[in-house]
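Working notes, structure below.
The values are calculated or read from the model by the stated rules, or taken from the named source; none is laboratory data. Everything quoted here is computed from the prediction, not taken from an experiment. Note: ideal-geometry Cβ built from the backbone for every residue, glycine included; neighbour counts use all protein chains shown. When the accessible area is computed, the model is the full protein with side chains, heavy atoms only, and any ligands, DNA or RNA have been set aside. Shrake-Rupley method; radii C 1.70, N 1.55, O 1.52, S 1.80 Å.
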There are 2 protein chains.
Amino acid sequence: MNAVTTPAKPAASGVQRIADMLRLVEETVAVTRRVVRCGEAVYQVGQPFGCFYIINSGFFKTVSLSAEGREQVIGLHFRGDWLGLDGISAGHYGGDAVAIDTGEVWAVRYDALLQAALRAPALLTALHEAMSRELVRDHDSLLSLCTLPADARVAGFLRYWADALEQRGLRTDQITLHMTRAEIGNYLGMTLESVSRALSRLARGDVIRFIEKGRRDIHIPKVEALTRFIQHMASPVQAAALH
Amino acid sequence: MNAVTTPAKPAASGVQRIADMLRLVEETVAVTRRVVRCGEAVYQVGQPFGCFYIINSGFFKTVSLSAEGREQVIGLHFRGDWLGLDGISAGHYGGDAVAIDTGEVWAVRYDALLQAALRAPALLTALHEAMSRELVRDHDSLLSLCTLPADARVAGFLRYWADALEQRGLRTDQITLHMTRAEIGNYLGMTLESVSRALSRLARGDVIRFIEKGRRDIHIPKVEALTRFIQHMASPVQAAALH
DNA sequence: CGGGAAATTGATAAGATTCAACTGCAGTGG
DNA sequence: CCACTGCAGTTGAATCTTATCAATTTCCCG
C-alpha cells in the first residue's frame, strides 16, 4: 500500500530527498515503528509531548480543538512528514493526529534525537527542515483561506494533494481523496455543500473528472488547469465562467 | 520605547522566560544588532536565507505574497519572537518581515547558531521552542479564521494582542494598535469596513472603549470580556445581541 | 438486498463585501 | 493663520457569496 512506484519520470528530487531523510533517521536514532489504522489517532490533544512521529506510509490529518469545542482540520500529511512538532513548546500536543488511511509512523523521542544529533548533525537539519516546511505550508493555507473564494480553495486543495503525491513519486493524474466532503470543507473553511458544488463546477468545466462509480476518486487531466482556474478566480475580474 | 515596565504583578513567567532566552542568545552566539524603523523590512521575500532575526523590541508583521500578487498578513510578532524561520527549508524567506513600529532585531546566522549549539545545547531548545510556538500560533489563526464569524475574529485579535503584551510585562488594559483597519482586516481575512463595524459593535457592547481623540488606542476594561464575547459568537445559538 | 452514511442539488437566508458618502485629523503651503 | 489636500476611519444601502435547510440520489457495507 502506498508503495513508491518508479515511473519513467520519477520526479526524483522529492522522492530521493524523502527517502534519504528516512534512511538517515533509521540509521542514526532509535525509532519505534507503529502501524496506525484508518481512523486511529497517532496522538491526541493534551497528551504529554515526548516523540515526533515520522510518516513512513499512509495519509494523516492533524486536527485542532478550541476550548469551546470548535474543531478544525489544520493540516494533511504524507510520507516523510513529521507529526507532533507543535508539542515542543507547550509540552503537550496541540491537537490530534489521525490516520485517514492505514499507514506506518516511526516514533522518535525528542531527547533521543537531540542526543543522536551530536554524532549525526544532519538529523538536526532534517528536523529543522520538517518544521520549516510545516511553517511554509501553514502560511500557504492562511493565504488561500483569506484571499481565495470557495471554488478556488477547492481547486487549490486538489493541486496541493496532487503536488504532494508527485513529490513522493506517486501517480498524480488519478487521485483518491481519503476524506469526506465534510472533512474537506472543514479543512478549507467552508461547508460540505460548498465543497460538493465546487467539485461539480470543476467537473463541469472539465478541470477535473470523476472516475465512474465513486466520488472519492478524481481524475486530473492537467494539474496546470487547476492552477489556471485558481488564478482566474483570484484575479479581480472574476468573469462568471463555468456555470 | 517599548521598555519593559515592572508592574506590581509582573506576569513574571513570560517576561522571565523571554529575558532568559535573549540573554542566552546574547552570551553564546554572535548577534548583529539592527534598528528597523517603522515601515522598513527586516528581510524580503525571495532573499537568500542565512539568518534568523530575534526581536528585541518593537512590533513586526510577516507578509506572504502569492504568485499572482495576493498579499496576506500571516503573523504579528513581538519581543522574543524569531523571524525568518520559514526560510530554512526553501533556502529563501517565504515572505516579508516588516516593522510596524520602530524596533531592534538581532540577526543570528543559522550556521553560527548550529555551531554554538554544540557548546550551549540550550540554544537549540530555544530555536525549537520558537519554531514550535509559531506553529501553535499559526494553527490558532487557522482555527479562528475557519470557525469564527468576523466580529469574534476581531475580538480574538484584540485578546491575542493583549495576551502578547501581558506575557512581555507591558500594560494590557490600554493598547495601541500599530496597524490600520486595512492591515487588521487583511490579517483576519475580512475587509477594512468589517473591522471598523466590528470594533464599533464591541465598543457599543462596552467590551472595549476607544481612547478619546484617536481610534488606534483601545482601552480593554476586562480581557475576559473579550473571551466571553468570542465564546458567545462561537456557540451555535448566536443570539442577535449587541446591535 | 436493505439500511444508513455520503453526496448532490435546489431554494432561501444570513453574513460579509462592495460601493459610496461623509467626518476628522494631519500636514502643506499660500 | 487658515484654506486645501489626502489619508484613515465610520456608516449606510445594495449586492453577492456562502451557509442553512430540505429533498433526493448514490453507493458502500454488512
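In a shell of Cβ-Cβ distance under 14 Å around A:L123, excluding A:L123 itself, what net charge do Lys and Arg (+1) and Asp and Glu (-1) give?
-2
List the trypsin sites (Lys or Arg not before Pro) within region A:162-223 that DSSP assigns to loop and that have no more than 14 neighbouring Cβ atoms inside 10 Å.
Counting only loop positions with at most 14 other Cβ atoms within 10 Å, the trypsin sites (Lys or Arg not before Pro) in region A:162-223 are A:R171, A:K213, A:R215, A:R216, A:K222.
Tell me the angle of helix B:223-234 to the major Cα principal axis of chain B, expressed in degrees between 0 and 90 and rounded to the nearest ten.
The answer is roughly 70 degrees.
Report, for B:R23, each distance to the same residue's label point in the other copies, shortest first and in nm; define the point 7 Å along Cα→Cβ.
Shortest to longest, the spacings are 4.7 nm.
Check which residues have an amide H placed less than 5 Å from B:S57's amide H, if you skip close sequence neighbours.
Amide H neighbours of B:S57, under 5 Å, 5+ apart: B:E104.
Apply the Karplus curve 6.51 cos²θ - 1.76 cosθ + 1.60, θ = phi - 60°, to the phi angles in region A:173-183 and return the couplings in whole Hz, x for Gly and Pro.
7, 10, 10, 10, 7, 8, 9, 6, 4, 5, 5
Which residues' amide hydrogens lie under 5 Å from the amide hydrogen of A:V42, considering only partners 5 or more residues apart or on another chain, with H built in the peptide plane?
A:A97, A:V98, A:A99
What percentages make up the Cα-Cα pair-distance distribution of chain B when the bins are 5 Å wide from 0?
Percent of pairs per bin, in order: 1, 6, 13, 17, 19, 16, 13, 8, 5, 2, 1, 0.
Determine the sum of side-chain charges near B:L24: Lys and Arg each +1, Asp and Glu each -1, restricted to other residues whose C-beta is under 13 angstrom from that of B:L24.
It works out to a net charge of -1.
Kindly sort B:S13, A:S57, B:S132 by accessible area of their heavy atoms, largest first, with the probe set to 1.4 Å.
B:S13, A:S57, B:S132
Put a point 7 Å out from Cα along the line to Cβ at B:L192; what are the distances to that point in the other copies, in nm, shortest first?
4.1
As I understand it, the dipole of the protein assembly as shown uses +1 on the Cβ of Lys and Arg and -1 on the Cβ of Asp and Glu, about the Cα centre. Which of A:G50, A:W106, B:L202 lies farthest toward its positive end?
Final value for the positive-end residue is B:L202.
Full extension from B:S13 to B:Q231: what is 0.36 nm times the residue separation minus their Cα-Cα distance, to one decimal in nm?
Fully extending the segment from B:S13 to B:Q231 adds 75.8 nm.
Does region A:148-234 come out rounded, prolate or oblate by the C-alpha gyration tensor, with a ≥ b ≥ c the root eigenvalues, rounded set by a/c under 1.5 and, if not, prolate when a/b is larger than b/c and oblate if not?
rounded
Can you check what the net charge comes to around A:Q44, using other residues whose Cβ is under 14 Å from the Cβ of A:Q44 (Lys, Arg +1; Asp, Glu -1)?
After counting each charged neighbour, the total is -3.
For B:H77, A:H232, give the ranking by accessible area with the largest first, probe 1.4 Å.
A:H232, B:H77
Could you please state, rounded to a whole Å, how far the C-alpha centre of region A:26-71 is from the C-alpha centre of region B:62-78?
Here the answer is 29 Å between Cα centres.
Roughly how far apart, in whole Å, are the Cα centres of region A:80-98 and region B:206-229?
After rounding, the separation between the Cα centres reads 34 Å.
How compact is the protein assembly as shown by the rule of thumb for globular proteins, expressed as Cα Rg over 2.2 N^0.38 Å?
0.99
In nm, what does the list of distances from A:R209 to its counterparts in the other copies look like, shortest first, when each label sits 7 Å along Cα to Cβ?
Going from nearest to farthest copy, the values are 6.7 nm.
Report, to the nearest 10°, how far helix B:150-167 tilts away from the longest principal axis of the Cα atoms in chain B, using its own Cα long axis and a range of 0 to 90°.
In chain B, helix B:150-167 runs at an angle near 50 degrees to the longest axis.
Amide H to amide H, which residues 5 or more places from B:Q47 or on other chains are under 5 Å from it, using H placed in the peptide plane?
Amide H neighbours of B:Q47: B:Y93.
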